[in-house]
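S.K.: For reference, the structure I am asking about is given below.
The values are calculated or read from the model by the stated rules, or taken from the named source; none is laboratory data. Keep in mind that this is a model prediction, so the values were computed, not measured. Please note: Cβ atoms are built from the backbone with ideal geometry, for glycine as well, and neighbour counts cover all protein chains shown.
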Amino acid sequence: MKTPAFAKGGSRSLDRLLPLILLPVALIALGPVVRLLLEGIGFGDGLTSAHLATVLSRPSTGTALLHSLITAGGGTVLSVLIGASFAFLVALTDIRGKGALVFCLMVPMMIPPQITALAWMQMAGPSSTLLKVLGLAPPLGSPQPLHSPGGIILLLGIQHASLVFLTLRAGLRMIPADLVEAARMSGAGSLRVWAQTVLPLSMPSLIAGGAMAFVTALGNFGILAMLGIPAGYATLPTLIYQRLVGMGPSVLPEVAVLSLLIGAVAILGILVSRYVLSRKGFGLVGLSGNPLALSLGRGRGAVEILLWGFIFVILGLPLFALLATSLIPAYGVPLTFASATFDAWKEVLFIQPGTRRAYGNSLMLATSAAAILLVISLPLAWLMERRANRLSRLLDALIDLPYALPGVVLSIACILTFLNLPFTDMTLYGTIWIILLAYLARFFVVMLRPIQASIAQLDPAMEEAAASVGARLSRRLRDIVLPLAAPSAAAGAILVFLTAVNELTVSALLWSSGTETLGVVIYNLEDSGETVMASALAMSIVLLIVMLMGLVQAGAKRFPKGVIPWQS
């Protein structure tokens, strides 16, 4: 269909406006990363490598790098084992209650990592309230077993198993069911079908999920800080945190080098995974009408018990331990019907101004980030799909970078960028606005990609038909594009909110007095010995997250299939 003259005029206007729209987006999303790179190579000092050589030659840097690789690598292996086992069983077999299983497996990913660490510390060790109730607590003075590399690897593996699960499950849906049926008709049993047909075809998805788990584990701050710092086990994120907190902005050039080191390792991991994927692609197109369903026969009940038992161990027991600790009057006091009290809940939710302020800050930041990104991403995704040029394609290729980099790297980049605003004496450092800008850069791709994918699937003929009868661009966007892209946009906004409301890795280095977020307050309470109040606040956040996920699940029928991550 030939585009009318007035539509061409509107297109030419949009082509002129596109750089004006893309430039602010690029500055927010990519500006801090560029500023970090310039600081790391000594651009302001005449391209000197002094900081680079000094930091990289320190023994502490090599030790922290080695520890980061050990914990991230070990956590990734465990994540792959857990996530792949659940993905294969949920996607391929006839087990019952798949929706509930997936929902429960997703909860650890949505719970802040510092809460995960706190809950597990309350479940294990000599001071565990739960173990004391059960009479299983080790003698006082015994070491906390989680304050070790093994404890860090265990929790990183559990925390990020959902990433492997989601990626692999999406790949399994692309395997044509007729391949499996052909193998079964030739006499192959379920185990042989999985080993010789399904597993080789799903390796690209498994590798991609493992790469995501590795990058996320590399920059995970909550678990590394709460388990590693008490044990004196330094990793790159905790080394950066301790250097910056101990010496302030004066060490920014040095921590910029450490941040670039983390970023380089993360990008190297992504590049290696992409290289492997490029050599293992199969170009599959699944048959959505014929889902895979391998029968477990008499073993189905045993497998279901095993899966739910595992969920209870990694989710139920730690949360029970966290709840038990939040109900005692003081840490170390046994929990009985006589000693149980809600005083800690009352203190953190209604009396302590810091925790109430943190709730307000986190909810405001999460809501603002989701709303701003929603408003920006809808027209931007349309322009990038319908009016693509070199600038938009370059931005599209780089927009994943702030999300792929560890959060602590982005924090340092934002400090460098907004410490002194250009051409003014103003600074955003120490204000809540620097956290908001960091969230916008961090979660931009989480909002943009679902909307972009939705618009890419829309037939342009609908818009062209509306233009041919005189509909202006604004009306075409409002009446055609917006309603069809709205479900994906809403799902993106939900994901941004759920992720941002419990965020710690980015805000740990950006907060100051008055701008605390929930993750920061929990870490500070535990670090200062207020374990009971930290447990109460953490448990309230868990209930909030589960309630929000439940509301999303209740409205799942309004969203397209596959938009909600844990929805089958």
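S.K.: Of the residues that make up segment 313-328, is at least one buried (at least 16 other Cβ atoms within 10 Å of the Cβ), at pLDDT 90 or above and touching a Lys or Arg at 6+ places or on another chain (Cβ under 8 Å)?
M.R.: No, every residue in segment 313-328 fails to be buried (at least 16 other Cβ atoms within 10 Å of the Cβ), at pLDDT 90 or above and touching a Lys or Arg at 6+ places or on another chain (Cβ under 8 Å).
S.K.: Kindly provide the set of residues from segment 104-126 that are over 16 Å from the mean Cα position of the chain (by Cα) and farther than 18 Å from Leu537 by Cβ, ordered by number.
M.R.: Cys104, Ala124, Gly125, Pro126
S.K.: Could you please find all residues in segment 505-528 being under 16 Å from Trp433 (Cβ atoms) and among the aromatic types (Phe, Trp, Tyr)?
M.R.: Trp511
S.K.: Which one of the conditions (1) over 22 Å from Leu101 (Cβ atoms); (2) crowded, with 22+ Cβ neighbours inside 10 Å; (3) modelled with pLDDT under 70 does Gly151 fail to meet, given that it meets all the rest?
M.R.: Result: Gly151 passes all but (3).
To keep it simple, each residue is scored yes or no on (1) of a type outside the set (A, V, I, L, M, F, W, C); (2) over 19 Å from the mean Cα position of the chain (by Cα).
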residue	(1), (2)
Ser368	yes, no
Arg386	yes, yes
Ser411	yes, no
Met426	no, yes
Trp433	no, yes
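S.K.: So which helices (runs of 4 or more DSSP H) stay within segment 467-543 end to end and still have 1 or more residues that are touching a residue at least 24 places away in the same chain (Cβ under 8 Å), on the phi < 0 side of the Ramachandran plot and crowded, with 24+ Cβ neighbours inside 10 Å?
M.R.: The qualifying helices (runs of 4 or more DSSP H) are 482-500, 518-527.
S.K.: Pro143 is checked against (1) within 24 Å of Val520 (Cα to Cα); (2) more than 27 Å from the chain's Cα centre (by Cα) and fails just one. What number does that condition carry?
M.R.: The number of the failed condition is (1).
S.K.: Right, something else. Name every residue in segment 381-440 that is among the acidic types (Asp, Glu), assigned to a helix (DSSP H, G or I) and either touching a Ser or Thr at 6+ places or on another chain (Cβ under 7 Å) or modelled with pLDDT under 75 (or both), in order of residue number.
M.R.: If we filter segment 381-440 for residues that are among the acidic types (Asp, Glu), which is where we start, we get 385, 396, 400, 425.
Among the residues that remain, those that are also assigned to a helix (DSSP H, G or I) are: 385, 396.
Listed by number, the list holds a single entry, Asp396.
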